[in-house]
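**Student:** Dumping the structure here so I can ask a few things about it.
The values are calculated or read from the model by the stated rules, or taken from the named source; none is laboratory data. All values reported here derive from a predicted model rather than from experimental measurement. Don't worry about glycine lacking a Cβ; one is built from the backbone with ideal geometry, like all the others, and counts go over all protein chains shown.
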Amino acid sequence: MKLLVLQNATVKQIPDILALDLLCFDGIWSKEGYKREIESPNSSMLLLFLREINSEEKLLGIGCLWSIMSEAHITLLGINPDYQRQGLGELLLYALLQDALGRKLERATLEVRTGNYPAIALYKKFGFKVAGRRKNYYPKTGEDAFILWRSDLDKPEFTAELEDWKQNIAQKLTSQYTLLPENLKPN
């Protein structure tokens, strides 16, 4: 059985988080940065684990958002490259948006590399639209970032969209994984 588990990050998980950070983001944040996010009441850091019988738990994904006024700023969303294109990013993004809804936030924003076509497609699928461009946003590569926005999180239509995404994600993932009911919380 391949069990997917979503949970809030803890400080003791930072070594695993740093290893995944290197794989997904080339070491974007430090140990202190992750500790600060985990301990902040204005931040939600979610981890996606794979648990298998007779096997060690494996960290597959990480997502983080900041709650700023009425906005959810998604700062991280990454899936281990060996597990990409399976719908796990959708599950993590869904969980972050569910968290934003629970915090009664009205809109969401994020930056994404202009050349990261799979991520851009994922965000557009969830209703994000390009609102601008940040030149040379990524210092290591000099690559630009698109600024993406999603509004109306506080509207009933968004709750209905979340329900549709929940059904689609569950259908996609349950052919390969077992999902805990709390991973797809009811609205």
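**Student:** What do you reckon, is K140 within 30 Å of L3 (Cβ to Cβ) and not in a strand (DSSP E or B)?
**Tutor:** no
**Student:** From the list Y117, Y83, Y123, exactly one residue is closer than 18 Å to G61 by Cβ, surrounded by fewer than 16 Cβ atoms within 10 Å (Cβ to Cβ) and of a type in the set (F, W, Y). Which is it?
**Tutor:** Just one listed residue meets the conditions, Y83.
**Student:** Among the residues of the stretch 97-114, count how many are assigned to a helix (DSSP H, G or I), touching a residue at least 24 places away in the same chain (Cβ under 8 Å) and of a type in the set (G, A, S).
**Tutor:** Within the stretch 97-114, residues that are assigned to a helix (DSSP H, G or I), touching a residue at least 24 places away in the same chain (Cβ under 8 Å) and of a type in the set (G, A, S) number 1.
**Student:** Mind listing just one residue for me: the one in the stretch 127-176 that is among the basic types (K, R) and in contact (Cβ under 8 Å) with a residue 24 or more places away in the chain and, of those, surrounded by the fewest Cβ atoms within 10 Å (Cβ to Cβ)?
**Tutor:** K140
**Student:** Here is a follow-up. Being modelled with pLDDT under 90 and within 28 Å of Y83 (Cβ to Cβ) is true for just one of Y117, Y137, Y123. Which residue is that?
**Tutor:** Step by step, each of Y117, Y137, Y123 is checked, and only Y137 is modelled with pLDDT under 90 and within 28 Å of Y83 (Cβ to Cβ).
**Student:** For the stretch 1-96, which strands (runs of 3 or more DSSP E) that fit wholly inside it have 1 or more residues that are among the hydrophobic types (A, V, I, L, M, F, W, C), under 28 Å from K125 (Cβ atoms) and at pLDDT 95 or above?
**Tutor:** Answer list for the stretch 1-96: 43-52, 58-68, 71-79.
**Student:** Count, please, the residues in the stretch 35-53 that happen to be surrounded by 15 or more Cβ atoms within 10 Å (Cβ to Cβ) and more than 20 Å from A100 (Cβ to Cβ).
**Tutor:** Residues that pass the stated criteria total 4.
**Student:** Please work out which one of (1) surrounded by fewer than 16 Cβ atoms within 10 Å (Cβ to Cβ); (2) closer than 22 Å to Q176 by Cβ is the condition A95 fails and give its number.
**Tutor:** (1)
**Student:** A further question follows. Out of Y34, Y83, Y117, Y123, I need the residue that is touching a residue at least 12 places away in the same chain (Cβ under 8 Å), among the aromatic types (F, W, Y) and under 16 Å from F146 (Cα atoms). Which one?
**Tutor:** Of Y34, Y83, Y117, Y123, the one residue that is touching a residue at least 12 places away in the same chain (Cβ under 8 Å), among the aromatic types (F, W, Y) and under 16 Å from F146 (Cα atoms) is Y123.
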